[in-house]
Amino acid sequence: MTSKSAVAAARATVYGYPRQGQGRELKKAIEGYWKGRVSADALQQAAAGLRRSNWQQLADAGIHEVPTGDFSYYDHVLDTSVMVGAIPDRHRAAVAADALDGYFAMARGTQDVAPLEMTKWFDTNYHYLVPELDPNTVFTANSSQQVAQVREALALGHSPRPVLVGPITYLLLAKPAPGVDEGFDPLTLLDRLLPVYAEVLADLRAAGASWVQLDEPALVQDRSPAELNAASRAYQALGTLTDRPKVLVASYFDRLGEALPVLAKSPVEGLALDFTESAAANLRDLAAAGGLAGKRLVAGVVNGRNIWINDLEKSLSTLGTLLGLADRVDVAASCSLLHVPLDASVESEIDPHIARWLAFARQKTAEITLLARGLTEGTEAIAAELAANRADLTARTTSAITRHPAVRARTAAVTDADSRRPQSYPERAKAQREQLGLPLLPTTTIGSFPQTAELRTARAELRSGRIDIAAYEERIESEIREVLAFQERVGIDVLVHGEPERNDMVQFFAEQLTGYLATQHGWVQSYGTRYVRPPILAGDISRAKPMTVRWTTYAQSLTDRPVKGMLTGPVTMLAWSFVRDDQPLGETARQVALALRDEVGDLERAGASVIQVDEPALRETLPLRGADRPGYLAWATEAFRLTTSGVRANTQIHTHMCYAEFGDIVEAIDDLDADVISLEAARSHMQVATELAAHGYPREAGPGVYDIHSPRVPTVDEAASLLRKGLAALPAERLWVNPDCGLKTRGWPETRASLENLVAAAIRVRGEL
Ligand code: GLN
Ligand code: ZN
């Protein structure tokens, strides 16, 4: 590690900060505006107040350059669409009538006009609004928001660095507008887009910005030579402009790989790279490329998307190495701090010893400035802080929470055979047919039934002590009685208890598993005004007692038909939580899997002959680089099998996933060795059935025939015609009839009508066999 002073003083910076405010003031202001309770003026003032306090927090912590333009009323990709004038035709009138209302119409739709599609931002749980482009898209520069924020920050005495989505990432995230040929490649619009970026850059310079940051996370994915060439052309063009701020191109979430030399050679002044664990190869690649002579390197050494304290000495050592590779090295988090909660110091219910291991946005900011100081002044200047950090890291490594002997012994003893069902699939299928005696095209649902206001009230009343646990459980049981009676009346074949006791499919289990932590205020933006509080996988995971058996058994006691046990799978438990960074993900997944395996065993012993283990997140956690995917899929599928393989041959294991396209992971789905899989398919017209068939998928499948994302009730004709499409791909013996996903977000009236139609369609199509 270097202890001598660096040549140039290292600056501390971040790419973005949580937008919502400590009390989620932004959510309240925006939702108030939607309901007409908050005026546009008041909303704008609330937003300006949040920006002011965020910048002040950053400056007080010692951040030299503050980000602007990272703030958004809904989503920064949507803001970029507005900035370049890519407004879909169907929203033009609304935007012309009122910019703010038009903006929200693009985000959320209106009674008559559909919103932009929403999808996940790389492999995070943040969702962005997908730009819609077509061959005739005309871009026009609208820099007013960006310019206003630069002026705002300057007026408050800060040194602002506007942050924009870069042109390559913007185009790579876009998709052809509805009705446009699917083969249309938005990247072909690059030459039309660049002059608009040029105009925005000139405006930012005029406003007083000396640097601008262009985010290009899409370049950390596998990119074709044509795409790399487009990146090269774009930064050649922007770099050679004369009227612009200095340009920092930022990458994060993974290594830049082949894009690194492309950007290093381009005439921009700075490059930001991720140097955390998952992108460690950047260090090697940068050295191999001969460094960044003449450029500013912003080093993302503090993990911006997880919540653990930094290993400061390790980061200083990385920074020391980097000093030899660039003209100037600055310190940052690996990505925007948007993906972590705001402040760990307010989590008063977390054991203070463990709380010392946590760093949310505020704590990360302090780490960044400390590292910049260490780099500039030498490590002696921060010796006390380094010692305290070392002590916290040691406490974490040696804690009984992170190393539970019984859990360790159990995972270490897992053999390959433990994650394999002893019987072949055909043997199991036969035993299950005898056990269950289901008709052809059996009907079922995905698990949850409408989460009514009464259920949410009951949970709130339990939390506040207005009702006791017995009263709460009676309300849950009464809900289960209703859900069961309804399913029997409609004639569904495999029933569910409806999941009324679950606040959330991950949180419900996290709250009951030892080793998981919950936060009180750890909100992270999922999309728009929706925030989630991901639980923290803090220690070794074990199960103190059965978690779901009580409800499933109660439901089974009410009917002669089979009731499905319902669990969230290990991969999804990891994907929607903050994970440990001190052991491979596969090890954590294995611990969770063993805890769930015990639950599966208890459900079976309690009489469940069908058990569903949901893995909706299997695909979304797929690594960004193809080379990393086989390793991920290996541990992910093993964890699922470990969860489910301890059952008898005649116990039927179901799984469920919801995404329209999954052609690239059919093999992994096969590897799960589940007996039945239900999938989202209604909107893609059963395409998944064809994909399964094309891959020779040998087991039973239920491609959804009811799109639960819409309040629309599918007619019997529609559902029947989707089923016939399914039958064209899969034999009747292997086709199930079910909705796309759980019904928790639906109301009862449309749920009733839709499921009645679904059963009627199954009966009709059975009659045609
Ligand atoms: N069993 C869960 C439900 O029905 C599955 C939810 C999901 O796939 N996201 O709600
Ligand atoms: Zn689903």
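The values are calculated or read from the model by the stated rules, or taken from the named source; none is laboratory data. The structure displayed is predicted, hence computed values, not measured ones. Because the Cβ atoms are built from the backbone with ideal geometry, glycine has one as well, and the counts that use them run over all protein chains shown.
Yes/no matrix, rows are residues, columns are (1) over 27 Å from Ala485 (Cβ atoms); (2) assigned to a loop (DSSP other than H, G, I, E, B); (3) out of contact with any strand residue (DSSP E or B) (no Cβ under 7 Å at 6 or more places or on another chain); (4) among the aliphatic types (A, V, I, L, M):
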{"site": "Ile708", "(1), (2), (3), (4)": "no, yes, yes, yes"}
{"site": "Asp717", "(1), (2), (3), (4)": "yes, no, yes, no"}
{"site": "Asp740", "(1), (2), (3), (4)": "no, yes, yes, no"}
{"site": "Leu743", "(1), (2), (3), (4)": "no, yes, no, yes"}
{"site": "Leu755", "(1), (2), (3), (4)": "no, no, yes, yes"}
{"site": "Ala762", "(1), (2), (3), (4)": "no, no, no, yes"}
{"site": "Val765", "(1), (2), (3), (4)": "no, no, yes, yes"}
{"site": "Leu769", "(1), (2), (3), (4)": "yes, yes, yes, yes"}
Boolean, Gln583 is touching a residue at least 60 places away in the same chain (Cβ under 8 Å) and either within 24 Å of Asn125 (Cβ to Cβ) or among the hydroxyl-bearing types (Ser, Thr, Tyr) (or both) = no
What about Ala409, is it part of a loop (DSSP other than H, G, I, E, B), more than 16 Å from ligand 1 (Cβ to nearest atom) and surrounded by fewer than 13 Cβ atoms within 10 Å (Cβ to Cβ)?
no
The lone condition Val249 fails out of (1) on the phi < 0 side of the Ramachandran plot; (2) surrounded by fewer than 20 Cβ atoms within 10 Å (Cβ to Cβ) is (2)
Selection from the stretch 51-81 of residues closer than 18 Å to Arg151 by Cβ and assigned to a helix (DSSP H, G or I) yields Arg51, Arg52, Ser53, Asn54, Trp55, Gln56, Leu58, Ala59, Asp79
Taking the stretch 728-752 and the residues there that are without any contact (Cβ under 8 Å) to a residue 40 or more places away in the chain and either under 16 Å from Val676 (Cα atoms) or within 16 Å of ligand 2 (Cβ to nearest atom) (or both), the one that is surrounded by the fewest Cβ atoms within 10 Å (Cβ to Cβ) would be Pro731
Scanning the stretch 487-523 for residues that are closer than 23 Å to Leu436 by Cβ, touching a helix residue (DSSP H, G or I) at 6+ places or on another chain (Cβ under 7 Å) and assigned to a helix (DSSP H, G or I) gives Val490
| Ala636: touching a Pro at 6+ places or on another chain (Cβ under 9 Å), modelled with pLDDT of 95 or more and part of a loop (DSSP other than H, G, I, E, B), yes or no? | no
Taking the stretch 612-626 and the residues there that are assigned to a loop (DSSP other than H, G, I, E, B) and of a type in the set (Asp, Glu), the one that is surrounded by the most Cβ atoms within 10 Å (Cβ to Cβ) would be Glu615
State whether the residues of the stretch 534-543 include one that is part of a loop (DSSP other than H, G, I, E, B) and within 15 Å of Arg305 (Cα to Cα).
yes
Here the residues within the stretch 16-44 that are surrounded by 14 or more Cβ atoms within 10 Å (Cβ to Cβ) and either in a loop (DSSP other than H, G, I, E, B) or of a type in the set (Val, Ile, Thr) (or both) are Gly16, Tyr17, Pro18, Arg19, Gln20, Gly21, Gln22, Arg24, Ile30, Val38
Inside the stretch 708-752, the number of residues satisfying the requirement of being under 13 Å from Pro450 (Cβ atoms) and polar (S, T, N, Q) is 2
Within the stretch 265-301, of all residues that are touching a residue at least 60 places away in the same chain (Cβ under 8 Å) and out of contact with any Leu (no Cβ under 7 Å at 6 or more places or on another chain), the one surrounded by the fewest Cβ atoms within 10 Å (Cβ to Cβ) is Glu277
For the stretch 604-611, indicate whether the set of residues that are more than 16 Å from ligand 1 (Cβ to nearest atom), part of a helix (DSSP H, G or I) and either farther than 21 Å from Glu488 by Cα or in contact with a helix residue (DSSP H, G or I) (Cβ under 8 Å, 6 or more places away or on another chain) (or both) is non-empty. yes
Scanning the stretch 650-689 for residues that are surrounded by fewer than 18 Cβ atoms within 10 Å (Cβ to Cβ) and of a type in the set (Gly, Ala, Ser), the one farthest from ligand 1 (Cβ to nearest atom) turns out to be Gly663
Matching residues in the stretch 336-388 (in a strand (DSSP E or B) and surrounded by fewer than 18 Cβ atoms within 10 Å (Cβ to Cβ)) number 0
Reported set for the stretch 124-156 where residues are in contact (Cβ under 8 Å) with a residue 12 or more places away in the chain, outside any helix (DSSP H, G or I), surrounded by fewer than 16 Cβ atoms within 10 Å (Cβ to Cβ) and of a type outside the set (Val, Ile, Thr) is Pro135, Leu156
